[in-house]
1. Just to be sure, is Pro100 out of contact with any His (no Cβ under 8 Å at 6 or more places or on another chain), closer than 14 Å to Pro46 by Cα and at pLDDT 95 or above?
2. Name every residue in segment 77-94 that is among the polar types (S, T, N, Q) and within 18 Å of Cys63 (Cα to Cα), in order of residue number.
3. For Val12, only one of the following conditions fails: (1) closer than 22 Å to Leu112 by Cα; (2) surrounded by fewer than 17 Cβ atoms within 10 Å (Cβ to Cβ); (3) of a type outside the set (Ser, Thr, Tyr). What is its number?
4. Of all residues in segment 22-76, which are crowded, with 20+ Cβ neighbours inside 10 Å and acidic (Asp, Glu)?
5. Working only within segment 42-88, note down all residues that are modelled with pLDDT under 95 and polar (S, T, N, Q).
6. For residues in segment 108-140 being aliphatic (A, V, I, L, M) and in a loop (DSSP other than H, G, I, E, B), which is surrounded by the most Cβ atoms within 10 Å (Cβ to Cβ)?
7. Return only the number of the condition from (1) within 26 Å of Ile8 (Cβ to Cβ); (2) polar (S, T, N, Q); (3) surrounded by 10 or more Cβ atoms within 10 Å (Cβ to Cβ) that Gln101 does not satisfy.
Amino acid sequence: MAASESEICTGVMLIAHGSRRQTANEDLLGLVELLVSRGGYSLVEPAFLELAEPTIPQAARTCVHRGARRILMLPFFLAAGNHVTVDLQRYAREFAIAFPQADFVVCPPLGLHPLMLGIVEERLQQGLAQAALDSTESGD
């Protein structure tokens, strides 16, 4: 008998590019903590395409070893460039062979999600506020 949707253990891999600067990688680690704290997903692993660990294969292995039978690969990227359309799809195919007991699903990147406009507008307002502060401090 096949497992029902609610019985399938779902893991999440939040995937970012990765940086040599650890402070740049900490945003993804913080996002993992926030997602777990929301309670919808308990098995969430960070993964970096390059320059940092855990790597994408390391995170996939961790998810499978922790019992995930469906792994959602969410790219923490703004656009569906080569990393999303080529690299992550290639990883998903490789993982399907290496871990036949699990399904790997590449989710869409953040892209032009309707909430993105609000984030962009908020960041623009923060830039304007910083410009005004800088202007005040320099005496302009």
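1. On the way: out of contact with any His (no Cβ under 8 Å at 6 or more places or on another chain): yes; closer than 14 Å to Pro46 by Cα: no; at pLDDT 95 or above: yes.
Here the answer is no, as Pro100 does not meet what is asked.
2. Taking segment 77-94 and keeping what is among the polar types (S, T, N, Q), we get 82, 85, 89.
Passing the criteria: only Gln89.
3. Among (1) closer than 22 Å to Leu112 by Cα; (2) surrounded by fewer than 17 Cβ atoms within 10 Å (Cβ to Cβ); (3) of a type outside the set (Ser, Thr, Tyr), Val12 violates only (2).
4. Glu45
5. Ser42, Asn82, Thr85
6. Of all residues in segment 108-140, those aliphatic (A, V, I, L, M) come to 110, 112, 115-117, 119-120, 124, 128-129, 131-133.
Still in the list and also in a loop (DSSP other than H, G, I, E, B): 110, 112, 115.
Numbers: Leu110: 16, Leu112: 9, Leu115: 8.
Out of the qualifying residues, it is Leu110.
7. Condition not satisfied by Gln101: (3).
Condition check ((1) in contact with a Gly (Cβ under 8 Å, 6 or more places away or on another chain); (2) farther than 14 Å from Leu14 by Cα; (3) outside the structural domain of Ser42 (by TED's automatic domain parsing)) across all residues:
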site: Cys63; (1), (2), (3): yes, no, no
site: Leu74; (1), (2), (3): no, no, no
site: Thr85; (1), (2), (3): no, yes, no
site: Gln89; (1), (2), (3): no, yes, no
site: Glu121; (1), (2), (3): no, yes, yes
site: Gln125; (1), (2), (3): no, yes, yes
site: Glu137; (1), (2), (3): no, yes, yes
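The values are calculated or read from the model by the stated rules, or taken from the named source; none is laboratory data. Quick caveat: nothing in here was measured; it's all calculated off a predicted structure. Using ideal geometry, Cβ is built from the backbone for each residue, glycine included, and neighbour counts are taken over all protein chains shown.
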